[in-house]
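Please read the structure below before turning to the comments.
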Amino acid sequence: MDMLSCDLDRTNEIPLYEQLYLYIKREIIEGRLHYQTKLPSKRKLADFLEISQNTVEAAYEQLTSEGYLEVLPRKGYFVMASEDLEYVGKLDVPIKTDNVKNESFRYHFHPSIIDTAGFPFQQWRKYAKNVMDERNSDLLLLGEPQGEFELRTEIADYLYHARGVKCSPEQIVLGAGIEILLQQLVLLWDAKTKYGVEDPGYHLIPRIMKTYGRDLYPLQVDNSGVKVSEIARAGIDVVYVTPSRHFPYGTILSVNRRNKLLNWAAEADGRYIIEDDYDSEYRYSGKSIPSLQSMDQKGKVIYMGSFSKSLMPSIRISYMVLPHQLMERFRSELSFNNSSVSRMDQHILAQFMRHGDFGKHLNRMRKIYRRKLEKITEMLKHYADKIQVIGENSGLHIVLVVQNGLDETLLVKKAETANIRVYPLSQYTFEKKYEGPPQIILGFAGIPEEDLDDAITSLMKSWGI
Ligand SMILES: Cc1ncc(COP(=O)(O)O)c(C=O)c1O
C-alpha cells in the first residue's frame with residue numbers, strides 16, 4: 001500500500017501516536033486494511049503526515065504488541081489480523097445512553113435537577129475536612145453492610161421528628177439510590193411475588209422489577225392517589241406507592257385509602273407496602289403529610305427515602321427502613337453485600353445532620369423552591385386557556401396539561417428547537433402512552449429564579465401559545 005491518509009488533529013488532547021494507532025486499528029477491524037497488507041515505512045508515513053518517525057513507531061509498536069501488525073525483519077510492518085476479528089469492531093460502536101440529564105440546554109426541566117446554587121459548600125467543606133483526617137484512617141477500611149451506624153442514627157432521629165417514622169438505626173439500610181435498595185429488596189421475596197406499581201409513576205420501579213423477571217400490575221391513579229380497591233382484586237403481594245406526594249401528579253393518598261391499604265396488607269402474610277417518600281421535605285403550605293409507616297401497626301410498610309432532592313442527587317445516599325421480620329431476613333440472606341455508599345460521604349453527612357446544618361439547609365431550600373413555584377404558577381395563569389397546572393402545592397416539579405392542538409412528541413420537539421428540554425408524561429406510564437390531552441413534566445428546581453420568566457415565556461412561545 002502506498003500511504004495512509006489519516007486526518008490527525010493537532011488540537012485534540014489525544015496524542016498524535018494514539019490517533020494514528022486508533023485510525024489504523026479501525027481500518028483493520030472494519031476490513032479496509034486486509035490481512036498481509038504491507039504498511040508504509042515509518043519514514044515515508046512520517047514524511048507524508050508531517051509527524052516524527054517516533055510517533056509512527058509508537059503507533060506501529062502498539063499495534064504490533066496487540067497483534068494487529070507483524071514486523072518482519074528488513075521487510076516492514078504487515079497486517080496480521082484476519083476477518084476473525086470482525087466482532088472486535090462492535091466494541092468501537094458508540095454505546096447509546098439515555099442519560100440525557102447532563103446534556104446542556106438553555107433551560108432544562110428534568111425533575112431530578114436541583115438548585116445547585118443553594119448548596120452550603122462552606123459547611124460541607126468543614127465536615128469533609130473533619131472526616132478526611134489521619135485520625136479517621138479506619139474509614140479507609142470496609143464499613144458495616146447496612147451503612148455507618150452514626151448516619152443511620154441521625155436518619156432515624158430525623159425521620160421520627162420530620163415524618164413520624166418509628167424505627168431504630170438497626171432497621172435502616174443505606175444504599176446508593178432507591179433503585180439499588182429496591183433491587184436488594186426484590187431478592188428478599190419469592191420470584192412469584194406479584195407487584196403493584198402506580199401508573200403513571202416512577203418509571204424506574206417497573207423497569208427494575210421487569211429486569212428481575214417479576215410479575216407486575218399497573219395500578220390506576222386518580223385525585224385521591226392510587227386506586228387501592230384494584231390491589232386486592234389483582235392478587236398483588238407487594239405494592240409500591242408514593243403516598244405523600246404521588247409521582248408525578250403530586251396528589252396525596254387519602255386517609256381512607258391509606259387505611260384500606262394498611263388493612264389489605266395486614267390481612268395476609270407476605271403482603272407488604274413499599275412507601276417511597278422521595279421529596280416529602282418540600283411541602284409549601286399546610287402541615288406535612290404523615291408517613292404511611294407512622295400509621296402502620298403490623299410491620300407491613302417498608303419506608304424509603306433519599307437525599308437526592310433534599311441535598312444533591314450526586315451524593316447517592318438513600319435509605320430504607322425495614323420492618324423487623326424483613327430485617328432479619330435481610331441480615332441472614334443479604335448481608336454479604338457491602339454498603340454501596342462511600343464511608344467518607346456517610347460520615348460527612350452524619351456530621352452535617354448532627355450539627356443542625358441539614359435542617360437549616362432544608363428550611364432555606366424550601367423558601368427558594370416555594371418562591372420559584374409561586375413565580376411559575378403565577379406566570380402560567382396568563383396561559384390558563386391552554387395550560388392547566390397539576391401538583392402546584394409541593395415538590396420540585398409540576399405537570400402541565402397542554403391543549404394547543406400539538407401532541408406530546410411535538411411539544412417536546414418544539415421546546416427542543418428553542419433549546420429547552422421538557423419531559424412527556426408518557427415516559428412515566430406503564431405502556432408508554434395514555435389517553436387524554438398531552439401532559440408535560442416540568443422540573444423547575446434547577447432554573448435560576450431570575451431566569452424563570454424567560455424560561456416560561458420561551459417555552460410557551462416555542463409551543464405557539
Ligand atoms: C419517585 C422517586 N423516587 C425516588 C427518587 C430518588 O431516587 P434516588 O434516591 O435513587 O436518587 C426519585 C428521584 O427523582 C423519584 O422521583
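Numerical summary
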{"read-out": "Cβ-Cβ under 9 Å pairs, at least 6 apart or on other chains, the stretch 184-195 side more than 15 Å from Phe330 (Cβ to Cβ), far side among the acidic types (Asp, Glu) and part of a strand (DSSP E or B)", "value": "Ala191/Asp215; Lys192/Asp215; Thr193/Asp215; Lys194/Asp215; Tyr195/Asp215"}
{"read-out": "Any hit, the stretch 302-324, residues being over 15 Å from Phe358 (Cβ atoms), part of a helix (DSSP H, G or I) and either of a type in the set (Lys, Arg) or touching a Ser or Thr at 6+ places or on another chain (Cβ under 8 Å) (or both)", "value": "yes"}
{"read-out": "Whichever residue in the stretch 72-116 is under 30 Å from Ala59 (Cα atoms), at pLDDT below 85 and basic (Lys, Arg) and, among such residues, is surrounded by the most Cβ atoms within 10 Å (Cβ to Cβ)", "value": "Lys90"}
{"read-out": "Selection within the stretch 245-301 - in contact with a strand residue (DSSP E or B) (Cβ under 8 Å, 6 or more places away or on another chain) and among the basic types (Lys, Arg)", "value": "Arg245, Arg257, Arg271, Arg283, Lys300"}
{"read-out": "Conditions (1) open to solvent by 30 Å² or more (accessible area, probe 1.4 Å); (2) within 16 Å of the ligand (Cβ to nearest atom); (3) of a type in the set (A, V, I, L, M); number of the one not met by Val226", "value": "(1)"}
{"read-out": "Top-ranked residue of the stretch 234-251 - restricted to ones that are hydrophobic (A, V, I, L, M, F, W, C) and in a loop (DSSP other than H, G, I, E, B), ranked as farthest from Ser280 (Cα to Cα)", "value": "Ala234"}
{"read-out": "Search result, residues across the stretch 294-345 that are away from the ligand (no atom under 11 Å from the Cβ), of a type in the set (S, T, N, Q), within 21 Å of His361 (Cβ to Cβ) and buried (at least 18 other Cβ atoms within 10 Å of the Cβ)", "value": "none"}
{"read-out": "Single residue of the stretch 174-202 satisfying the filter (of a type in the set (Gly, Ala, Ser) and open to solvent by 10 Å² or more (accessible area, probe 1.4 Å)) that is nearest to Val239 (Cα to Cα)", "value": "Ala191"}
{"read-out": "Conditions (1) farther than 21 Å from Ala455 by Cβ; (2) at pLDDT 95 or above; (3) open to solvent by 10 Å² or more (accessible area, probe 1.4 Å); number of the one not met by Leu362", "value": "(3)"}
{"read-out": "Residues located in the stretch 402-428, provided they are open to solvent by 10 Å² or more (accessible area, probe 1.4 Å) and of a type in the set (Val, Ile, Thr)", "value": "Thr409, Val412, Thr417"}
{"read-out": "Cβ pairs under 6 Å, 6+ apart, first in the stretch 148-164 and of a type in the set (Lys, Arg), second outside any helix (DSSP H, G or I)", "value": "Arg152/Ile172; Arg163/Ser291"}
{"read-out": "Long-range neighbours under 6 Å by Cβ, at least six apart or interchain, first residue at pLDDT below 95 within the stretch 372-391, second of a type outside the set (Val, Ile, Thr)", "value": "Gly391/Tyr249; Gly391/Gly250"}
{"read-out": "Qualifying residue in the stretch 282-304 (condition: more than 27 Å from Tyr195 (Cα to Cα) and in contact with a Lys or Arg (Cβ under 7 Å, 6 or more places away or on another chain))", "value": "yes"}
{"read-out": "Sole residue being over 30 Å from Gly443 (Cβ atoms) and either surrounded by 20 or more Cβ atoms within 10 Å (Cβ to Cβ) or free of Cβ contacts under 8 Å to residues at least 40 places away in the same chain (or both), chosen from Gly270, Gly213", "value": "Gly213"}
{"read-out": "Lone qualifier among Ile368, Ile398 - being open to solvent by less than 40 Å² (accessible area, probe 1.4 Å), in a strand (DSSP E or B) and of a type outside the set (Gly, Ala, Ser)", "value": "Ile398"}
{"read-out": "Residue list for the stretch 252-266, restricted to those being farther than 16 Å from Val197 by Cβ and within 16 Å of the ligand (Cβ to nearest atom)", "value": "Ile252"}
{"read-out": "Any hit, the stretch 269-277, residues being within 18 Å of Leu182 (Cβ to Cβ), within 16 Å of the ligand (Cβ to nearest atom) and part of a loop (DSSP other than H, G, I, E, B)", "value": "yes"}
{"read-out": "Subset tally (residues that are open to solvent by less than 20 Å² (accessible area, probe 1.4 Å) and either more than 21 Å from Asp345 (Cα to Cα) or touching a helix residue (DSSP H, G or I) at 6+ places or on another chain (Cβ under 8 Å) (or both)) for the stretch 148-170", "value": "7"}
{"read-out": "Evaluation of Pro290 against (1) modelled with pLDDT under 95; (2) within 16 Å of the ligand (Cβ to nearest atom) (one fails), failing number", "value": "(2)"}
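Let's see how each residue does on (1) at positive phi; (2) of a type in the set (Phe, Trp, Tyr); (3) surrounded by 17 or more Cβ atoms within 10 Å (Cβ to Cβ):
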{"position": "Leu20", "(1), (2), (3)": "no, no, yes"}
{"position": "Leu33", "(1), (2), (3)": "no, no, yes"}
{"position": "Lys38", "(1), (2), (3)": "no, no, no"}
{"position": "Ser41", "(1), (2), (3)": "no, no, no"}
{"position": "Ala46", "(1), (2), (3)": "no, no, yes"}
{"position": "Glu50", "(1), (2), (3)": "yes, no, no"}
{"position": "Thr55", "(1), (2), (3)": "no, no, yes"}
{"position": "Ala59", "(1), (2), (3)": "no, no, yes"}
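Table: residues versus (1) within 16 Å of the ligand (Cβ to nearest atom); (2) under 22 Å from Ser310 (Cα atoms).
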{"position": "Gln123", "(1), (2)": "no, yes"}
{"position": "Ser137", "(1), (2)": "no, no"}
{"position": "Gly147", "(1), (2)": "yes, yes"}
{"position": "Glu150", "(1), (2)": "no, yes"}
{"position": "Thr153", "(1), (2)": "no, yes"}
{"position": "Tyr160", "(1), (2)": "no, yes"}
{"position": "Gly164", "(1), (2)": "no, yes"}
{"position": "Gly177", "(1), (2)": "yes, yes"}
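The values are calculated or read from the model by the stated rules, or taken from the named source; none is laboratory data. Since we're looking at a predicted model, the values are computed, not measured. All Cβ positions, glycine included, derive from the backbone under ideal geometry; neighbour counts span all protein chains shown. Ligands, DNA and RNA are stripped out before the accessible areas are found, and what is left, the full protein with its side chains, is counted by its heavy atoms. Shrake-Rupley method; radii C 1.70, N 1.55, O 1.52, S 1.80 Å.
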